[in-house]
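Here's the structure we're looking at; comments come further down.
The values are calculated or read from the model by the stated rules, or taken from the named source; none is laboratory data. Remember, it's a predicted structure, so these values are computed and weren't measured experimentally. Here the Cβ positions follow ideal geometry from the backbone for every residue, glycine too, while neighbour counts run over all protein chains shown. Each accessible area value is taken on the protein alone, full model and side chains, heavy atoms only, with ligands, DNA and RNA left out. Shrake-Rupley method; radii C 1.70, N 1.55, O 1.52, S 1.80 Å.
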Amino acid sequence: MEERADPAVVAVIKERIDLAAERVLHDCIALAAPAPEFLVRVGREPLEAFDARYPDLIAGILAEVNPAGVIVHVSIPPDRSSSAVRCTLEHTVEELCLALAENVQQLLIEGELWGAAWPPCPIHGGCHPLWAEPAKGPAIWACSELPGFSAAVGTLRGR
């Protein structure tokens with residue numbers, strides 16, 4: 001019999017994913033970037049919204065999935081380029097926020113926005129992106145060039 005995820009653990013992980021994803025989504029909306037999609041897969045359960053897009057790849061994807069694990073498929077419309085983030089009970093909201101922010105940034109820069117700086121650094125006229133970094137508090141977007149800049153993920157504002 002295949003190992004299955006504990007529903008109580010899954011509920012806690014999903015709550016953390018929702019909190020983290022909401023902050024990343026806020027920044028995308030505030031900066032007029034395409035809104036990412038965060039689809040949560042528990043174990044090897046079917047996830048119709050994702051599986052239907054990749055019928056030729058899904059068997060290989062599912063073979064790599066921990067039957068008791070939780071992953072988030074991060075996708076960016078309209079081309080739906082995608083990545084996956086593995087989530088465990090040990091991951092805090094801030095760690096998940098950082099991972100989701102990094103994945104969304106990579107998908108936007110390498111896909112939908114074709115190399116544009118995202119999120120653009122507001123101090124340096126948007127000529128380079130801010131980078132998602134861990135911090136003592138909330139996950140942040142940061143610029144390491146002087147003068148420096150940082151803002152918690154989920155607090156960016158459009159121009």
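With respect to (1) within 12 Å of residue 17 (Cβ to Cβ); (2) open to solvent by 60 Å² or more (accessible area, probe 1.4 Å); (3) not in a strand (DSSP E or B), the lone exception for residue 99 is condition (2). One residue stands out among those in segment 102-115 that are farther than 16 Å from residue 141 by Cα and free of Cβ contacts under 8 Å to residues at least 24 places away in the same chain: the one that is least open to solvent (accessible area, probe 1.4 Å), which is 115.
Once segment 33-73 is narrowed to residues that are within 20 Å of the chain's Cα centre (by Cα) and of a type in the set (Asp, Glu), the residue that is nearest to residue 17 (Cα to Cα) is 37. Consider segment 32-61 and keep the residues that are in contact (Cβ under 8 Å) with a residue 60 or more places away in the chain and crowded, with 17+ Cβ neighbours inside 10 Å. The one that is nearest to residue 10 (Cα to Cα) is 38. Restricting the first member to segment 74-90 and to residues that are more than 15 Å from residue 106 (Cα to Cα), and the second to residues that are assigned to a strand (DSSP E or B) and of a type outside the set (S, T, N, Q), the beta-carbon pairs closer than 7 Å and six or more apart or on different chains are 86/71; 87/70; 87/71; 87/72. The criterion of being assigned to a helix (DSSP H, G or I) and of a type in the set (Val, Ile, Thr) holds for residue 24. In the set 64, 15, only one residue is exposed (fewer than 13 other Cβ atoms within 10 Å of the Cβ), closer than 21 Å to residue 103 by Cα, at pLDDT 95 or above and out of contact with any helix residue (DSSP H, G or I) (no Cβ under 6 Å at 6 or more places or on another chain); that residue is 15.
Give me a count of the residues in segment 130-150 that are crowded, with 18+ Cβ neighbours inside 10 Å and not in a loop (DSSP other than H, G, I, E, B).
Qualifying residue count for the region: 4.
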